[in-house]
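Trainee: Mind having a look at this structure? Questions to follow.
What follows draws every value from the coordinates through simple rules; no lab data is involved. Remember, it's a predicted structure, so these values are computed and weren't measured experimentally. Neighbour counts run over all protein chains shown; Cβ positions are idealised from the backbone, glycine included.
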Amino acid sequence: MKRIQTKITFTYLVLAVVIIAVVGSISSFEIESLFRERLVHELAQDADAVHFLLSKDSSKEERMRSESVRNMATLWGVRVTLIAEEGKVLADSDVPFEELSSVENHLYRPEVQEAESKKIGVNLRHSATVGRDFLYVAKRFDSTSTVNWLQGVRFIRVSAHIEDIKKNVADIRWNIFWAGFVTLVLVAGASTIVSRRISRPMVAIAESVEKIRRGDLDKHIDVATGDEIGRVAQAVNELVDKLKADIVELQKLQRVRSEFLGNVSHELRTPIFTLQGYLETLLNGAIDDPSVNRSFIEKASAHAARLNSLLNDLIDISRIESGEMKMSFRYFRVNDFLESVVNDFQRAAQQRGVTLSISPATDPDVEVFGDKERLREVMSNLVDNAIKYNGERGNVNVSTERIEGKVRLVVSDTGVGIGEEHLSRIFERFYRVDKDRSRAVGGTGLGLAIVKHIVEAHGSKVDVQSTPGKGTSFGFILKS
Ligand SMILES: Nc1ncnc2c1ncn2[C@@H]1O[C@H](COP(=O)(O)OP(=O)(O)OP(=O)(O)O)[C@@H](O)[C@H]1O
Ligand SMILES: [Mg+2]
């Protein structure tokens with residue numbers, strides 16, 4: 001019995017059968033005893049009536065009394081027996097007057113015995129003489145008379161066969177049985193409907209969950225009952241939505257990762273091949289050619305350096321992203337810091353004909369709070385970009401600005417600028433606006449990704465404004 005519907009229906013049915021059986025048998029027994037009590041009452045009244053009528057007749061003629069008793073009995077449909085104190089039968093509606101003397105003593109009939117002690121006695125038994133079940137009610141009358149037919153009569157017994165009662169009770173039982181049967185059919189129908197209504201949404205949930213398990217994540221459970229089952233359905237739906245979102249996220253991550261791997265190998269290949277090319281040319285004889293050997297070695301060295309910086313950037317990125325990068329925050333003077341960064345780039349700027357200047361903070365003691373070495377990386381990247389993506393006679397300016405107790409660092413240039421559509425993507429790893437130009441100036445597109453991470457680790461955010469053809473300015477705020 002695996003189905004909920006079957007369980008519910010079965011439970012209802014068993015319950016109904018038990019209730020109907022109990023109620024049915026109790027009520028049929030009650031009715032039977034009610035009938036019997038009423039009959040006992042009637043027979044007792046009949047006995048009183050016999051007593052009354054006998055007292056009205058002053059005749060002492062016993063034959064006439066016998067006749068009269070028979071008449072009453074016929075009239076009321078009962079059997080009437082008059083019994084004397086010592087048990088002798090004085091008259092009996094079923095026995096002719098002549099045969100009375102041969103009737104056995106009735107003193108030890110149970111109803112007579114009971115009447116002797118309790119005034120009224122009742123007994124139900126099978127009468128062998130008549131062959132039917134009889135209900136006997138005997139009443140004791142103490143005031144014996146000498147003036148009428150009551151003379152010598154101590155017990156008046158009235159009895160009736162109970163076939164009618166039995167038939168009535170049987171009829172009622174039959175009705176109860178049918179009512180019970182109809183009720184049972186109704187209960188079976190109702191419980192089938194109710195249980196189906198309860199189990200149907202659960203079956204729907206089970207089927208949907210099975211489909212979801214097989215991978216059909218677009219399957220939404222369509223149950224809106226608003227009750228507990230509806231809540232289960234809703235919870236499952238939400239779970240599936242979340243799962244779907246997680247899977248999408250996971251797939252995206254997977255894609256980003258494999259893209260990253262592709263990018264990395266691609267970026268590494270160029271310097272390695274070039275390096276290898278120069279070294280092989282040198283080995284193949286160019287090393288003895290004084291017109292090229294030095295420049296080839298210098299180029300090989302430059303590519304080795306490029307490889308080195310690329311690897312450093314990659315290590316940085318992976319450390320930052322795995323949360324391995326440890327930061328050490330402290331206060332340091334921002335003017336000194338910026339001067340040293342700018343100094344490092346003076347030569348590179350000059351080589352490109354770019355003017356690199358610094359607008360120092362008005363207060364030379366202004367300090368900022370951060371990881372100085374990481375921030376040097378940030379500023380180096382920004383200044384490096386500003387010089388690289390600039391033109392002849394271009395300007396790069398590094399400045400500070402006090403804002404509400406904090407310090408904003410800005411690197412602005414008069415370079416090529418960045419188109420609106422690229423602004424939101426330049427912080428992505430390997431993203432370059434102009435791949436050829438970047439490669440020509442030795443860029444891989446990792447610089448700004450590192451900048452973004454480090455600045456965010458300082459609880460800040462890099463902002464950028466740019467006008468293509470005019471210039472760009474990057475800025476971020478540090479605690480002071
Ligand atoms: N100051 C700037 N002016 C114009 N374009 C810029 C500027 N700074 C960055 N960019 C654009 O944003 C891209 C991403 O910069 P990012 O510093 O991340 O990479 P990169 O400089 O190309 O390489 P890397 O810094 O890793 O050597 C650059 O390729 C360039 O196209
Ligand atoms: Mg860069």
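Trainee: Between 0 and 90 degrees, rounded to the nearest ten: what's the tilt of helix 372-388 against the longest Cα principal axis of the chain?
Mentor: The angle comes out at about 60 degrees.
Trainee: Using +1 on the beta carbon of Lys and Arg, -1 on that of Asp and Glu, and nothing else charged, what's the dipole of the range 98-145 about the Cα centre, debye to 20?
Mentor: So the magnitude is around 260 debye.
Trainee: Related question: Where does the charge balance sit around Tyr278 when Lys and Arg score +1, Asp and Glu -1, over other residues with C-beta under 10 Å from its C-beta?
Mentor: Value of the local net charge: -1.
Trainee: Something else about it: Rounded if a/c is under 1.5, else prolate if a/b is larger than b/c, else oblate: which is the range 273-356, with a ≥ b ≥ c the root eigenvalues of its Cα gyration tensor?
Mentor: oblate
Trainee: Return, ordered by residue number, the residues of the range 13-51 whose backbone nitrogen is under 20 Å from a label point located 7 Å along Cα→Cβ of Leu184.
Mentor: Within reach of a label on Leu184, which here means backbone N under 20 Å from a point 7 Å along Cα→Cβ, the range 13-51 contributes 13-29.
Trainee: Treating only the Cβ of Lys, Arg, Asp and Glu as charged (+1, +1, -1, -1), what charge dipole size does the range 247-319 show about its Cα centre? Round to the nearest 20 debye.
Mentor: 280
Trainee: Determine the relative contact order of the chain: mean sequence separation of Cα pairs under 8 Å and six or more apart, normalised by residue count, in whole percent.
Mentor: Reported relative contact order: 10 percent.
Trainee: Which distance in nm do the two modelled labels at Glu321 and Ser424 give, with both placed 7 Å along the Cα-to-Cβ direction?
Mentor: Between Glu321 and Ser424, the label points sit 2.1 nm apart.
Trainee: Moving on. I'd like to compare 318-325, 118-125, 382-389: which one has the highest average count of other Cβ atoms within 10 Å, and what's the full order after that?
Mentor: Going from most to least packed, we get 382-389, 118-125, 318-325.
Trainee: Could you work out how much longer the chain between Gln346 and Ala224 gets when fully extended? Use 0.36 nm per residue separation minus the Cα distance between them, nm to one decimal.
Mentor: Result for the pair: 36.9 nm of gain on full extension.
Trainee: Follow-up. Which residues does the label zone of Gln234 cover in the range 185-225, counting backbone N under 13 Å from a point 7 Å along Cα→Cβ?
Mentor: It comes to 223-225, nothing else.
Trainee: So if R0 is 25 Å, what FRET efficiency would Ala206 and Val14 give, r being the distance between their Cβ atoms, rounded to the nearest 0.05?
Mentor: Efficiency for this residue pair is about 0.50.
Trainee: How far, in degrees from 0 to 90, does helix 228-283 lean away from the longest principal axis of the Cα atoms of the chain, to the nearest 10?
Mentor: The angle comes out near 20 degrees.
Trainee: Using θ = phi - 60° and the Karplus relation 6.51 cos²θ - 1.76 cosθ + 1.60, list the HN-Hα couplings for the range 320-330 in order, rounded to whole Hz, with x at every Gly or Pro.
Mentor: 4, 6, 8, x, 7, 5, 8, 9, 10, 8, 7
Trainee: While we're here: Using alpha-carbon pairs under 8 Å, 6+ residues apart, how would you state the relative contact order of the range 138-194 in percent?
Mentor: Relative contact order here is 23 percent.
Trainee: Can you flag which of Lys372/Lys479; Lys372/Lys461; Lys388/Lys470; Lys244/Lys452; Lys326/Lys452; Lys242/Lys461 are past 23 Å Cα-Cα?
Mentor: Correct reply: Lys244/Lys452; Lys242/Lys461.
Trainee: Farthest toward the dipole's positive end in the chain, which of Ala457, Thr281, Leu75, given Cβ charges of +1 (Lys, Arg) and -1 (Asp, Glu) about the Cα centre?
Mentor: The listed residue farthest towards the positive side: Thr281.
Trainee: Subtract the Cα-Cα distance of Arg439 and Ile247 from 0.36 nm times their separation in residues, and report this length gain in nm to one decimal.
Mentor: Length gained, Arg439 through Ile247: 65.6 nm.
Trainee: Stretched out fully, how many nm does the piece from Glu61 to Arg132 gain, at 0.36 nm a residue minus the Cα gap?
Mentor: Full extension of this stretch gives 22.3 nm more.
Trainee: Here's a follow-up. Explain nothing, just the number: relative contact order of the range 247-319, from Cα pairs under 8 Å at least 6 residues apart, as a whole percent.
Mentor: 32
Trainee: Can you give me the Kirkwood hydrodynamic radius for the chain, using every pair of distinct Cα atoms, in Å to one decimal?
Mentor: When all Cα pairs of the chain are included, the Kirkwood radius is 34.6 Å.
Trainee: On a 0 to 90° scale, report how tilted helix 447-457 is relative to the longest principal axis of the chain, with both axes built from alpha carbons and the result rounded to the nearest 10.
Mentor: Taking the Cα atoms of the chain, the angle to 447-457 is about 50 degrees.
Trainee: Evaluate Rg over Rh across the range 326-441, taking Cα atoms for both radii and Kirkwood's formula for Rh.
Mentor: 0.99
Trainee: Further, regarding this structure: Per residue of the chain, what 222 nm ellipticity follows from adding -39500 (n - 2.57) for every DSSP H run with n ≥ 4, rounded to the nearest 500?
Mentor: Computed ellipticity for the chain at 222 nm equals -20000 deg cm²/dmol.
Trainee: Also, I was wondering about something else. If you count, for each residue, the other Cβ atoms within 10 Å and average over each peptide, how do 472-478, 423-429, 111-117 line up from highest to lowest?
Mentor: 472-478, 111-117, 423-429
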